[in-house]
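Report on the structure given below.
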Amino acid sequence: TLFAPDNAAFQAVIDATPGVTSLTELVNALGTDGLANVLLYHVTSGIVLAEDLPTLSSNTVTTLASDGMGGNFTFDLDLGANETRILDNNTDTDPAVIVATDVVGNNGAIHFINAVILPEYSPFAAY
């Protein structure tokens, strides 16, 4: 399952990153390992549909991004009446909101979100 940031989400990171004016420059600034970890932070194992979100045992989603300590990063879901927010434990950023759900493909589902979610210690955590 992929929690995919929309174009405006990436543009917000570009606009907030000093010396970066394009997606190419952002990718170069992150480097291969940094880019891979940011991308994996948006991916979970298996197919998780919107109807499954309220039934998760802890509202915690485990991502495929390594935490560097033998585990994986997680983020929490705030299942509000009108919206579902992703709480990425980063106090410097606003929670991402799931804006479209259940785009199902052959190998998973995509949920679109309005922000790039980042691990707390990310070099871009302030953006």
Check your understanding: What is the extension gain from Ala50 to Ser22, computed as 0.36 nm multiplied by their sequence separation minus the C-alpha to C-alpha distance, in nm to one decimal?
Key -> 6.9 nm
Study note, to complete from the structure: Whole-Hz Karplus couplings 3J(HN,Hα) for the range 97-111, θ = phi - 60° and coefficients 6.51, -1.76, 1.60, Gly and Pro as x, run 10, 6, 9, 8, 10, 6, 7, 9, x, 5, 10, x, 10, 10, 10
Exercise for review: Enumerate the calculated ³J(HN,Hα) couplings along the range 15-20 in order (Karplus 6.51 cos²θ - 1.76 cosθ + 1.60, θ = phi - 60°), each rounded to whole Hz, writing x wherever the residue is Gly or Pro.
Suggested key: 4, 8, 9, x, x, 10
Revision key, fill the gap. Length gained if Val97 through Ala36 is fully extended, taking 0.36 nm per residue and subtracting the Cα-Cα distance, is 19.7 nm
Exercise for review: Go ahead and collect, in residue order, the members of the range 33-50 whose backbone nitrogen is under 17 Å from a label point 7 Å along the Cα-Cβ direction of Val104.
Suggested key: 46-50
Practice item. Work out, step by step, the length gained on full extension between Ala29 and Thr62: first 0.36 nm times the residue separation, then minus their alpha carbon distance; give nm to one decimal. Key: 9.3 nm
Check your understanding: Residues with amide H under 5 Å of Val99's amide H, sequence separation 5 or more or different chain, H placed in the peptide plane at 1.01 Å from N; which?
Key -> Phe112, Ile113, Asn114
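Every number in this text was worked out from the coordinates using simple rules, so none of it is lab data. As the structure is a prediction and not an experimental result, all values here were calculated from the model. A quick note on method: Cβ atoms are made from the backbone with ideal geometry, for glycine too, and the neighbour counts reach across all protein chains shown.
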